[in-house]
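Working notes, structure below.
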Amino acid sequence: MAKNNTPKTERLDKIISSQGLISRSEVKQLVKKGEVSVNGNVIKDSSIKVSYDDAIVVCGQSLSQSRYTYIMLNKPKGVVSSTDDKRDKTVVDILPDELKRKNLFPAGRLDKDTTGFCLITDDGEIAHNILSPSRHVTKTYIAEVDRPIDVENAKKAFLDGVVLGDGTVLLSAILEEMPCADKHLFKVIIKEGKYHQIKRMFASLGTTVIELKRIAIGGLPLDNSLPEGFARLLTDEELKSIVENDERF
Ligand code: URA
């Protein structure tokens with residue numbers, strides 16, 4: 001049977017409002033004002049069917065071409081990285097209403113007491129790519145530990161691949177000391193995400209992680225202007241920079 005390559009179509013107002021920034025009724029108003037065009041033509045009816053391949057412009061801004069949602073959340077402490085939990089609030093629960101939609105889940109887990117960049121999406125494929133160690137998408141953390149360490153030894157141990165207490169051999173990781181007068185702070189770059197990985201890596205050096213924050217996924221840093229507990233959509237460029245390969249190791 002011949003494959004049907006016709007792109008899937010949806011109502012224009014549905015596609016625009018599914019971006020999470022403008023409601024359907026607002027889309028109607030913008031259409032009335034002539035602020036919406038599809039493939040260069042100003043549209044007068046917000047119910048027309050368009051496809052995700054069409055070039056949709058709203059108030060002079062191109063709409064993201066993606067049918068999936070990608071959200072950067074600056075995770076606060078005390079929420080869990082799952083989609084539902086009996087006791088605690090989840091990273092999906094704390095999203096603002098305009099970003100909430102079906103099938104969202106966190107791409108990778110941060111511990112309840114870890115803060116920082118949590119990517120929330122409904123795109124299973126990108127989540128798989130980000131999490132798969134073979135794809136080498138790095139995750140960068142700032143860790144504060146409870147006591148000084150032998151930094152040169154630790155760097156070498158991380159680069160060689162730490163062997164955890166249960167015999168798990170970790171992939172090569174980068175450790176950088178972050179000079180600080182009254183804290184023992186380190187930047188750590190890893191390319192996999194084993195259970196409590198950073199905490200266990202420091203435990204193998206005889207230290208305890210007391211604060212942990214994820215500050216980047218791949219080439220995309222956490223937006224510094226996003227306070228803890230706040231979230232926003234990623235741009236297409238930001239999404240691309242997540243999966244850029246890191247050539248450092
Ligand atoms: N490593 C940890 O130990 N905890 C996290 O939340 C993330 C990485």
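Annotation: GLY161 fulfils all but one of (1) open to solvent by less than 40 Å² (accessible area, probe 1.4 Å); (2) under 21 Å from the mean Cα position of the chain (by Cα); (3) away from the ligand (no atom under 15 Å from the Cβ); the unmet one is (2).
Quick check on region 233-248. Is at least one of its residues away from the ligand (no atom under 16 Å from the Cβ), charged (D, E, K, R), assigned to a loop (DSSP other than H, G, I, E, B) and open to solvent by less than 40 Å² (accessible area, probe 1.4 Å)? Give the derivation first.
We begin by selecting, within region 233-248, every residue away from the ligand (no atom under 16 Å from the Cβ); these are 233-248.
Those still in the list that are charged (D, E, K, R) too: 236-238, 240, 244, 246-248.
If we keep only those that are assigned to a loop (DSSP other than H, G, I, E, B) too, we end up with 244, 246-248.
Retained after the next criterion (residues that are open to solvent by less than 40 Å² (accessible area, probe 1.4 Å)): 246.
Looking for residues that are away from the ligand (no atom under 16 Å from the Cβ), charged (D, E, K, R), assigned to a loop (DSSP other than H, G, I, E, B) and open to solvent by less than 40 Å² (accessible area, probe 1.4 Å), one finds at least one in region 233-248, hence yes.
For region 194-229, the set of residues classified as within 14 Å of the ligand (Cβ to nearest atom), out of contact with any Phe, Trp or Tyr (no Cβ under 8 Å at 6 or more places or on another chain) and assigned to a loop (DSSP other than H, G, I, E, B) consists of LYS194, TYR195, HIS196, SER204, LEU205, THR207, listed by residue number.
Taking residues in region 136-156 that are modelled with pLDDT of 95 or more and aromatic (Phe, Trp, Tyr), and partners anywhere that are within 16 Å of the ligand (Cβ to nearest atom) and not in a strand (DSSP E or B), the pairs with Cβ atoms closer than 6 Å and at least 6 places apart or on different chains are TYR141/ILE198.
Condition check ((1) outside any strand (DSSP E or B); (2) over 30 Å from ASN224 (Cβ atoms); (3) at pLDDT 95 or above) across all residues:
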| residue | (1), (2), (3) |
| --- | --- |
| LYS14 | yes, yes, no |
| SER25 | yes, yes, no |
| SER37 | no, yes, no |
| SER47 | yes, yes, no |
| ASP54 | yes, yes, no |
| SER66 | yes, no, no |
| LEU73 | no, no, yes |
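Yes or no: GLU125 closer than 23 Å to GLY108 by Cβ and of a type in the set (Asp, Glu)? Spelling it out, GLU125 is indeed closer than 23 Å to GLY108 by Cβ and of a type in the set (Asp, Glu). The condition (being within 23 Å of LYS75 (Cβ to Cβ), in a helix (DSSP H, G or I), modelled with pLDDT under 95 and open to solvent by less than 10 Å² (accessible area, probe 1.4 Å)) is satisfied by just one residue among ILE126, ILE130: ILE130.
The values are calculated or read from the model by the stated rules, or taken from the named source; none is laboratory data. The structure displayed is predicted, hence computed values, not measured ones. Glycine also receives a Cβ, built like all others from the backbone with ideal geometry; neighbour counts cover every protein chain displayed. Areas reflect the complete protein model, heavy atoms only, side chains present, ligands, DNA and RNA absent. Shrake-Rupley method; radii C 1.70, N 1.55, O 1.52, S 1.80 Å.
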